Amino acid sequence: MIVLDGKIASAAVKEEIKQQTAKLLASGKRAPHLAAVLVGNNGASETYVASKVKNCEEVGIRSTLIRLDADVQEAVLLDTIASLNADAGVDGILVQLPLPKQISEQKVIEAIDPLKDVDGFHPGSAGKLVQGLPTFIPATPYGIMLMLEHFNIETTGKHAVVIGRSNIVGRPMSILLSSNLKRGNCTVTLCHSHTPNLTELCLQADIIVAALGRPEFVKAEMVKDGAVIIDVGITRVEDATAKKGFRIKGDVAYAEVAGKASAITPVPGGVGLMTIAGLLKNTLQAYVSREQL
Ligand SMILES: NC(=O)c1ccc[n+]([C@@H]2O[C@H](COP(=O)([O-])OP(=O)(O)OC[C@H]3O[C@@H](n4cnc5c(N)ncnc54)[C@H](OP(=O)(O)O)[C@@H]3O)[C@@H](O)[C@H]2O)c1
């Protein structure tokens with residue numbers, strides 16, 4: 001059984017990016033620049049954004065963090081995005097989700113210039129992904145594809161079951177795995193909360209991507225011997241014995257499933273780290289396209 005270690009795979013991707021940015025700087029060019037917008041002070045969002053900013057620094061990508069109050073008006077956020085769109089020195093824009101209730105996430109997603117849409121959530125980016133055109137791939141599915149590549153996981157001809165159909169993880173993941181790509185060419189079954197025979201489908205899967213946000217949902221009895229298990233779930237579960245008062249749980253019951261799997265991602269230390277790698281790749285790509293390099 002192989003542990004698909006996100007530390008190892010993301011370090012390799014980051015090293016590649018670091019070398020590319022170092023070359024750019026050495027040739028007198030500016031560094032790629034990511035602008036991150038954080039609204040309010042949700043604990044998990046703070047952690048994710050801090051990690052994105054830190055990782056940018058590590059690979060030579062400049063980052064700017066813009067903080068807005070939790071009660072900010074939607075119009076103010078849209079104005080902020082408009083200025084970032086117009087700023088020639090900004091290559092990528094990300095607005096950390098979720099947003100407070102007074103703000104329409106869809107409006108915000110659609111306000112970002114598709115050429116700076118490094119989260120890949122704009123409907124234009126999603127449409128291009130469906131049609132197999134070059135675009136920004138949402139960071140989590142992109143990170144998973146990079147992980148499959150790093151560990152040389154064969155996907156062609158396999159049956160992949162993706163659990164969860166969100167626009168940020170499950171649906172784009174199902175599209176990528178079914179696309180005619182080196183790490184695609186799967187026959188994909190996309191499951192959601194109305195799928196009645198989930199266990200039966202999972203038992204047929206060579207690859208399971210669990211992205212539903214239900215801690216330890218995928219049990220050993222749902223997994224075929226030798227399956228590849230990708231656990232996207234991140235749920236904070238209260239635990240008084242933990243230093244922070246909670247523990248991070250994935251969507252897979254790791255201890256029991258690992259005994260049956262041929263490869264499995266840990267949580268933490270798996271897909272989460274690859275998500276950041278995907279974002280960094282997208283930011284560099286945005287820079288390269290805008291500078292026409
Ligand atoms: N590792 C990372 O970097 C990363 C990045 C993003 C998200 N995540 C984590 O990944 C998980 C999913 O995130 P998300 O944003 O995609 O969540 P989401 O928007 O809440 O979507 C969850 C999906 O799972 C489906 N679902 C829920 N319960 C189910 C059940 N019992 N059986 C089958 N399907 C079920 C839902 O079906 P319906 O559509 O029918 O409601 C929905 O499609 C969360 O734990 C999130 O924190 C991790």
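The values are calculated or read from the model by the stated rules, or taken from the named source; none is laboratory data. Please read these numbers as outputs of a predicted model, since none were measured by experiment. Using ideal geometry, Cβ is built from the backbone for each residue, glycine included, and neighbour counts are taken over all protein chains shown. Remember, those area values only see protein heavy atoms, side chains included, never the ligands or the DNA or RNA. Shrake-Rupley method; radii C 1.70, N 1.55, O 1.52, S 1.80 Å.
Would you mind checking Lys158/Lys219; Lys52/Lys249; Lys18/Lys116; Lys7/Lys128; Lys158/Lys260; Lys7/Lys52 for any pair whose Cα atoms are more than 23 angstrom apart?
Lys7/Lys128
Mind checking which of Ala160, Leu198, Pro141 is farthest towards the positive end of segment 131-219's charge dipole, using Cβ charges of +1 (Lys, Arg) and -1 (Asp, Glu) about the Cα centre?
Working it through, the farthest residue towards the positive pole turns out to be Pro141.
Taking K and R as +1 and D and E as -1, what net charge do the other residues with C-beta under 12 Å from the C-beta of Ile234 add up to?
Within the 12 Å Cβ shell, the charges total +2.
Highest mean first, how do 233-239, 201-207 rank when packing is the count of other Cβ atoms within 10 Å averaged over residues? The partial results should precede the final answer.
Details: 233-239: 15.6, 201-207: 19.1.
The peptides rank, most packed first, as 201-207, 233-239.
Would you please give the FRET efficiency between Arg247 and Lys101, computed as 1/(1 + (r/R0)^6) with r the Cβ-Cβ distance and R0 = 30 Å, to the nearest 0.05? If you can, show how the numbers build up before the last one.
Values: r = 28 Å, r/R0 = 0.93.
The value I calculate is 0.60.
Out of residues 5 or more away from Thr189 or on other chains, whose amide H comes under 5 Å of its own, with H placed 1.01 Å from N in the peptide plane?
Under 5 Å from the amide H of Thr189 lie the amide H atoms of Ala160, Val161, Val162, each far enough along the sequence or on another chain.
Can you find, among Gly127, Gly92, Val72, the residue farthest towards the positive end of the dipole of the chain? Put +1 on the C-beta of Lys and Arg, -1 on that of Asp and Glu.
Gly92
Before anything else, pin down the relative contact order of the chain: Cα pairs under 8 Å, at least 6 apart, normalised by residue count, whole percent.
21 percent
At a 1.4 Å probe, what is the % contribution of carbon and sulfur to the accessible area of segment 139-273?
After summing per-atom areas, the C and S share lands at 51 percent.
Using just the helices of the chain, give the 222 nm mean residue ellipticity in deg cm²/dmol: DSSP H runs with n ≥ 4 each add -39,500 (n - 2.57), and the total is spread over all residues, rounded to 500.
-12500 deg cm²/dmol
Hey, got the dipole for segment 29-113? About the Cα centre, +1 on K and R Cβ, -1 on D and E Cβ, debye to the nearest 20?
Value, rounded to 20: 280 debye.
Give me the distance in nm between label points sitting 7 Å out from Cα along the Cα-to-Cβ direction at Asn167 and Ala88, one decimal.
3.2 nm
With +1 assigned to the C-beta of every Lys and Arg and -1 to the C-beta of every Asp and Glu, and no other charges, what is the dipole magnitude of the chain about the Cα centre in debye, to the nearest 20?
Roughly 400 debye, rounded to the nearest 20.
What number comes out for accessible area per residue over segment 139-273 if the probe is 1.4 Å? Units Å², please. Kindly include the intermediate steps, with their values, before the conclusion.
Numbers: 6130 Å² over 135 residues.
It amounts to 45 Å² per residue over segment 139-273.
Of the DSSP beta bridges with both residues in the chain, give the percent that are antiparallel, rounding to the nearest 5.
Approximately 10 percent, going by the DSSP bridge assignments.
Can you give me the long-range amide H partners of Val95? Hydrogens built in the peptide plane at 1.01 Å from N, cutoff under 5 Å, separation of 5 or more residues or another chain.
Result for Val95 returns Val37.
Points 7 angstrom from Cα along the Cβ direction at Ala240 and Ala11: gap in nanometres?
Result: 3.8 nm between the two label points.
Using a cut-off of 12 Å between beta-carbons, work out the net charge of the residues near Glu200 (Lys and Arg +1, Asp and Glu -1, Glu200 not included).
Local net charge: 0.
Over segment 29-113, with the other protein chains present, what is the accessible area per residue in square angstrom, probe 1.4 angstrom?
47 Å²
What's the local net charge at Ala253, with K and R +1, D and E -1, over the other residues with C-beta under 13 Å away?
My count for the surroundings of Ala253 gives -1.
Among Ile248, Ile163, Ile81, which one shows the highest mean-square fluctuation when the chain is modelled as a Gaussian network with alpha-carbon springs under 10 Å?
Ile248
Taking the Cα centre of segment 159-283 as origin, sum charge times position over the Cβ atoms of Lys and Arg (+1) and Asp and Glu (-1), and report the length of that vector in debye to the nearest 20.
460 debye
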